[in-house]
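Participant: Have a look at the structure that comes next, please.
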Amino acid sequence: MKKEKWIVAQQNKENIASLQQELGISHLAAAILSARGIVTPEDALAFMDCDSAHLFDPFLIKDMDKAVSILEKAIEEGERIAVYGDYDVDGVTATSIMIRYLRGRGADCRYYIPDRLNEGYGLNEAAISELKEDGCTLLVTVDSGITAVEETDYAKAMGIKVIITDHHECKDELPHADAVVNPRRSDSEHPFRELAGVGVAFKLICAMEKGRPVKELLDMYADVVALGTIADVMPVLGENRIIISEGLKRLRHTDNIGIRTLMQKLGLDTKPITANSVSFVLAPRINAAGRMGEADCTARLMLTGSGSEAMELAEHLCDLNRQRQEAENAIYEQILGDIERDPSLASGKIMVLWGDGWHTGVIGIVSSRLADRYGMPCVLVSMTGDCGKGSGRSIKGFNLYGALSDNADLLERFGGHELAVGLSVNRENLEELRSRLQEYAERCAVDEELEPCINIDYAVEPNELGLEAVKSLSVLEPFGMGNPMPLFILRDAVIEEITPISHDRHIKLLFSKNGYRFYGFVFGMGARSCPFVTGDEADIVFSAEVNYFRGRESVQLVVKDIKWSQAAERCDECSFDIYERFVSGEKVDREQALFLCPCRDDLVAVFRHVKSNKQDGMLCGMPRTLYRKIKYESKCCMNQGRFLVCMDILKEFDIFDYQMMGDNIVIRDLDYKGKVDINGSGILKKLMEVIKG
C-alpha cells in the first residue's frame, strides 16, 4: 500500500482575519483562500469573480476566422457537413453542441463518433471514406484531429474540406487542414490555453455568432459545455471557471431533455448540482457508453427531443455503467488476488501486468485505481492471442510516456503523455517490457519525487465543522483540478464504528472527538481490507460536504487518507524497536522485557484469532492491525512487539509458521495436533531471565 506524505499549509492568522472581515466570508473559507496563497481581498475578489464578461474574444485563436468563413459558406450553399467527435464525455458533448448549433442554422449535417473498441481514438481513413460516400464535403473535428496529419491529407485528397478543432497538445507538424483551431497552438494569441474540446467547440459557436451577447449563448450551451469540461478534468481556472460556474447554474433546470432525464434517474434533480456530483455521478454514466463501445448512445441522448427516447437511453446508459463497473471490478479484484498470492508483483517501482481477455475499455480505470492504491505507475495489457492492447497511468514525478519512448523497440505502437498512455505490444515482448520498465524506473525515478503527497489546507477542530461553516465553502466553488475541494485534517479522532457498504467495496466510519461525532466515507477500502479497528485513535484527512437525505441536511466527511494518531504511531514504533533489539540479541532491560513478555492468555488470544480468521490455512495482515484486533477481542494487554513474540513462540512449537512481506505478516497454520507446554519455550526463558534479573 502507498504511504502518502501529508503537507499541511501554514496559517497566517492576520491574513485570514483580514479576508474574513473585508469580504464578509466565513473563517473557514478565509482560511482556505489564505492557504492557497490568495492573501489580499482584491486577489480573492478576482478569484471568485465568474462574470461571463471576462471570456476572451474567440477570434484570438488562430484560424478561427478561416473556420467561420468556411462554415458560413457551407451552410449557405447547402453542403453536407460531418462533425467528427470522440467517444469520451468531452468529445460527445462537443459533438452534440456543434450538431445542435448547425441544425439550428438549417445546415445539412451528421455526426460520426469512432468506436473505441474497434476503431480507437481519432480520425481514420475508413470513417473518412464512409463520410465521403454519404456526400459529406466538409469535415469538422471536435476534441480530436490535431495529430491526424496523414488522415487529413487523405480527406483532402478525396475532395473533403477539413476544419480541425481540438485542445490536445500540438506536435511540430500540424495537419494540412483548411483551418486548425486549437488554443494550444504556439502562434495562438488566445490568453487561455486550458479549454476542453467542448470549450473550443463553444468558442467556434461564439465566433459564428459574433454579434450576439455571450450571455445568451451560455444560456443555450453552458450546461453541456460545463459537463464536458468537468468530465475531462480540465483546470477550474480562467475561462473554465466561468463556463463551469454558469453551466452548473443551468444544469439543475436544463432544457436538454436527455441530460434532464438522466439526472432525474440518478436523483440529481432534487439536489444542488456541484462539480463533484457531475464528476462522480453524472459523467461516469455518460463515459460508460464510450468505454463499452456505444458512444453513439450518449450522443443520441443529448440530441433527442423525445421524452420516451430519453428515458430509454438513460436506462441503457445506467445498464452500460453497471456492466462497466462489473468488468472493471472483476479485473481489479483478480489483480488484487494475484498480488496477495505474489506480493513481488507490486514490490518494484512500476507495476506491469497482463491478462487474457481483459476488457480494453476499462483497463485504464483499473490502472488508475492500482496506481493510486500502490503509489506507483501501472501498465495493464489485455491479451487477445499474441496481440496485446495496453493502458497505463502514472503518478506525479514519473514520465510514463518517456518510459515507453525509451523502450519503443518492444512496442507496436504507443501514445499519450506523462501521466497516461496507450500501447500495443506482442506477447513475446511482455516479460522483456516489464523488466526494462523496472530498470528504467529504478534508473530514472527519484524516491522523493515519487512519494505521493496530499496538500492539506487547514488543521480543523470538530467545533469548526458545523453545517453553516461547511455550507460557507460554496463561495469558493466550482471545485476541480486547479481549485480542488478543500482538504482538512482532524487529529486524534476515535473510530467508534466501521460499517461496510456497497458489498464491502467501501466503508462508513463514525468518528468522535470532544463530544462531536461525524460520519466519514472511505471509498475503495472495504472492511475486510481496513487496517483499523473500533476504538483506534486516528488522524484523518478529508473533504467536508453537506449530505441531503429525506429533506434533512448534515455534514459528512469524505476521507482521502487516514493514519493512526501520532501517539499510536510512537507506541507501535517503540514496541517494535524493543522487539527488534531483543531478537537481534541486544540487551533489553527489565521494563522492556515485561513489555514484550506474553502470558498464557496472550498466546491463547493470538492462537484463537488466527484459527478463527484464517482462509485456506493462511492469515495475512499488518501486525499493528492484528494485535489491535486481538487486544479489543480478548481485552488483553497486547502491543505490536508482544504480538510478534507470541508469533515467534507459536512458530517455535511448529503451531504456526510466518514470514514478513513488506508491511504484512503472512501466517500459515501448520495444523499442529496435541498440547504444548509453553514453559519449555526458549524465547520465554530468555525474557524471564531478564525480568528476574
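Participant: Take the eigenvalues of the Cα gyration tensor for segment 220-365, scale each by 5, and report the square roots as semi-axes in whole Å, largest first. All intermediate terms of the calculation are to be shown ahead of the outcome.
Facilitator: Values: eigenvalues 221, 74, 29 Å².
Taking √(5λ) for each Cα gyration eigenvalue gives 33, 19, 12 Å.
Participant: Using DSSP to call loops (not H, G, I, E or B), can you name the chymotrypsin sites (Phe, Trp or Tyr not before Pro) in segment 84-143 whose Cβ has at most 10 other Cβ atoms within 10 angstrom?
Facilitator: Working: sites: Tyr84, Tyr87, Tyr101, Tyr111, Tyr112, Tyr121; in loops: Tyr87, Tyr121.
Sparse-neighbourhood loop chymotrypsin sites (Phe, Trp or Tyr not before Pro): none present.
Participant: Okay, moving on. Which shape class, rounded, prolate or oblate, goes with segment 585-650 when its Cα gyration tensor gives a ≥ b ≥ c as root eigenvalues, a/c under 1.5 marks rounded, and past that a/b bigger than b/c marks prolate?
Facilitator: Numbers: a/c = 2.16, a/b = 1.76, b/c = 1.23.
Judged from the Cα gyration tensor, segment 585-650 comes out prolate (a/c at least 1.5, a/b above b/c).
Participant: Which of rounded, prolate, oblate describes segment 54-212, given a ≥ b ≥ c as roots of the alpha-carbon gyration tensor eigenvalues and a/c under 1.5 marking rounded, otherwise prolate only if a/b is larger than b/c?
Facilitator: Working: a/c = 1.45, a/b = 1.17, b/c = 1.23.
Note, shape of segment 54-212 comes out rounded.
Participant: Just to check, using Stokes-Einstein with a Kirkwood Rh over alpha carbon pairs, what's the diffusion coefficient of segment 565-693 at 10 °C and 1.306 mPa s in µm²/s? Don't skip to the end; give the middle numbers.
Facilitator: Details: Rh = 15.0 Å.
After rounding, the answer is 106 µm²/s.
Participant: Of (i) 25.8, 81; (ii) 27.9, 90; (iii) 29.2, 103, which one was derived for Rg and Dmax of the Cα atoms in Å from the structure shown?
Facilitator: The listed entry that was calculated here is (iii).
Participant: If you don't mind, there's one more thing I want to ask. Per 5 Å bin, what percent of the C-alpha pairs of segment 1-42 does each bin hold, from zero upward?
Facilitator: Per 5 Å bin, starting at 0, the Cα pair percentages come out as 5, 26, 30, 13, 7, 7, 6, 4, 2.
Participant: Of all trypsin sites (Lys or Arg not before Pro) in segment 213-287, which ones are in loop regions per DSSP and have a Cβ with at most 15 other Cβ atoms within 10 Å?
Facilitator: Values: sites: Lys215, Arg241, Lys249, Arg250, Arg252, Arg260, Lys265, Arg285; in loops: Arg252.
For trypsin sites (Lys or Arg not before Pro) across segment 213-287 that sit outside H, G, I, E and B with at most 15 neighbouring Cβ atoms in 10 Å, the list reads Arg252.
Participant: Same structure again: Which entries in the list Lys508/Lys614; Lys13/Lys215; Lys171/Lys396; Lys396/Lys563 go over 32 Å, if you measure between the two C-alpha atoms of each?
Facilitator: From the list (Lys508/Lys614; Lys13/Lys215; Lys171/Lys396; Lys396/Lys563), the Cα-Cα distance tops 32 Å for Lys13/Lys215.
Participant: What length, rounded to one decimal in nm, is gained on full extension from Tyr121 through to Glu173, with 0.36 nm per residue of separation minus their alpha-carbon distance?
Facilitator: Numbers: separation 52, 0.36 × 52 = 18.72 nm, distance 1.90 nm.
Length gained, Tyr121 through Glu173: 16.8 nm.
Participant: Looking at the chain, send over the antiparallel percent of its DSSP beta bridges, to the nearest 5.
Facilitator: On the way: 62 of 95 bridges.
Of those bridges, close to 65 percent are antiparallel.
Participant: Subtract the Cα-Cα distance of Arg491 and Met688 from 0.36 nm times their separation in residues, and report this length gain in nm to one decimal. Kindly include the intermediate steps, with their values, before the conclusion.
Facilitator: On the way: separation 197, 0.36 × 197 = 70.92 nm, distance 3.85 nm.
Additional length available on full extension: 67.1 nm.
Participant: Tell me, how many Å apart are the Cα centres for segment 518-533 and for segment 135-175?
Facilitator: Rounded to whole Å, the Cα centres lie 48 Å apart.
Participant: Would you please report the Å³ per residue occupied by the convex hull of the alpha carbon atoms in segment 342-450? Don't skip to the end; give the middle numbers.
Facilitator: On the way: hull volume 9.9 nm³, N = 109.
Normalising the Cα hull of segment 342-450 by residue number yields 91 Å³.
Participant: What is the gain in length, in nm to one decimal, between Val583 and Ala53 on full extension, counting 0.36 nm per residue of separation less the C-alpha to C-alpha distance?
Facilitator: Details: separation 530, 0.36 × 530 = 190.80 nm, distance 7.13 nm.
Answer, rounded to one decimal: 183.7 nm.
Participant: Oh, and also: What translational diffusion coefficient, in µm²/s and rounded to a whole number, does the Stokes-Einstein relation yield for segment 459-579 at 20 °C and a viscosity of 1.002 mPa s, taking the hydrodynamic radius as the Kirkwood radius over Cα pairs?
Facilitator: Numbers: Rh = 15.5 Å.
It diffuses with D of about 138 µm²/s by this estimate.
Participant: Counting pairs of alpha carbon atoms under 8 Å apart in space and at least six apart in sequence, what relative contact order in percent does the chain give? Numbers along the way, then the final one.
Facilitator: Values: 1282 pairs, mean separation 67.7, N = 693.
Relative contact order here is 10 percent.
Participant: Moving to a separate point now. Suppose only helical runs count, i.e. DSSP H with n ≥ 4. What mean residue ellipticity at 222 nm does that imply for the chain under -39500 (n - 2.57) per run, divided by all residues and rounded to the nearest 500 deg cm²/dmol? Mind dumping the intermediate values first?
Facilitator: On the way: 25 runs with 299 residues, N = 693.
Taken over the chain, the calculation gives -13500 deg cm²/dmol.
Participant: If you take the square roots of the eigenvalues of the alpha-carbon gyration tensor of segment 58-116 and sort them as a ≥ b ≥ c, do you get rounded (a/c under 1.5), prolate (a/b over b/c) or oblate?
Facilitator: Details: a/c = 2.14, a/b = 1.29, b/c = 1.66.
Since a/c reaches 1.5 but b/c is at least a/b, the shape of segment 58-116 is classed as oblate.
Participant: Can you compute the FRET efficiency between Ser347 and Lys5 using 1/(1 + (r/R0)^6), with r the Cβ-Cβ distance and R0 = 22 Å? Round to the nearest 0.05. Can you show the working numbers first?
Facilitator: Details: r = 20 Å, r/R0 = 0.92.
In this case the efficiency is close to 0.60.
Participant: Sticking with this structure for a sec: Using DSSP loop states and a limit of at most 11 other Cβ atoms within 10 Å to flag GluC sites (Glu not before Pro), what is the longest stretch of the chain containing no flagged site?
Facilitator: Details: sites that count: Glu77, Glu169, Glu173, Glu586.
Formally, the longest exposed-site-free interval is 174-585.
Participant: Which pairs, out of Lys651/Lys692; Lys611/Lys692; Lys210/Lys471; Lys629/Lys692, put more than 29 Å between their alpha-carbon atoms? Don't skip to the answer; put the middle values down first.
Facilitator: Values: Lys651/Lys692 25 Å; Lys611/Lys692 33 Å; Lys210/Lys471 39 Å; Lys629/Lys692 31 Å.
As for pairs spanning more than 29 Å Cα to Cα, those are Lys611/Lys692; Lys210/Lys471; Lys629/Lys692.
Participant: Hey, another quick one. Over 10 Å intervals from 0, what percent of Cα-Cα pairs in segment 379-529 sits in each interval?
Facilitator: Calculated over all Cα pairs of segment 379-529, the distribution is 9, 24, 23, 22, 16, 5, 0 percent.
Participant: While we're looking at this one, here's another question. Kindly provide the trypsin sites (Lys or Arg not before Pro) of segment 368-415 that DSSP labels as loop, not H, G, I, E or B, and whose Cβ sees at most 10 other Cβ atoms within 10 Å.
Facilitator: Working: sites: Arg369, Arg373, Lys389, Arg393, Lys396, Arg413; in loops: Lys396.
Here no trypsin sites (Lys or Arg not before Pro) fit, given the DSSP loop and packing criteria.
Participant: Taking the Cα-to-Cβ direction at Lys249 and at Asp663 and moving 7 Å from each Cα, how far apart do the two end points lie in nm?
Facilitator: 4.6
Participant: Can you run the Rg to Rh ratio on segment 288-390? Use alpha carbon positions and the Kirkwood inverse-distance Rh. Kindly include the intermediate steps, with their values, before the conclusion.
Facilitator: Numbers: Rg = 16.8 Å, Rh = 15.2 Å.
Radius of gyration relative to Kirkwood radius: 1.11.
Participant: What ³J(HN,Hα) values, in whole Hz, does the Karplus curve 6.51 cos²θ - 1.76 cosθ + 1.60 give for segment 592-603 when θ = phi - 60°, with x put for Gly and Pro?
Facilitator: 5, 5, 4, 5, 8, 6, x, 8, 4, 4, 4, 5
Participant: Here is a further query. For Glu573 and Arg552, FRET efficiency with R0 = 35 Å and r from the beta-carbon atoms, rounded to 0.05? Before the final figure, lay out the partial values.
Facilitator: Values: r = 43 Å, r/R0 = 1.23.
In this case the efficiency is close to 0.20.
Participant: With label points built 7 Å along Cα→Cβ from the Cα atoms of Glu633 and Arg528, find their separation and express it in nm.
Facilitator: Reported label-point gap for Glu633 and Arg528 is 1.7 nm.
Participant: Relative contact order of segment 193-266: what whole-number percent is it, with Cα pairs under 8 angstrom and at least 6 residues apart? Please list the in-between numbers first.
Facilitator: Details: 62 pairs, mean separation 24.5, N = 74.
For segment 193-266, the relative contact order is 33 percent.
Each value in this text was obtained by applying a stated rule to the coordinates, not by laboratory testing. Worth saying up front: this structure is predicted, and the values here are computed from it rather than measured. Virtual Cβ from ideal backbone geometry, glycine too; neighbours counted across all protein chains shown.
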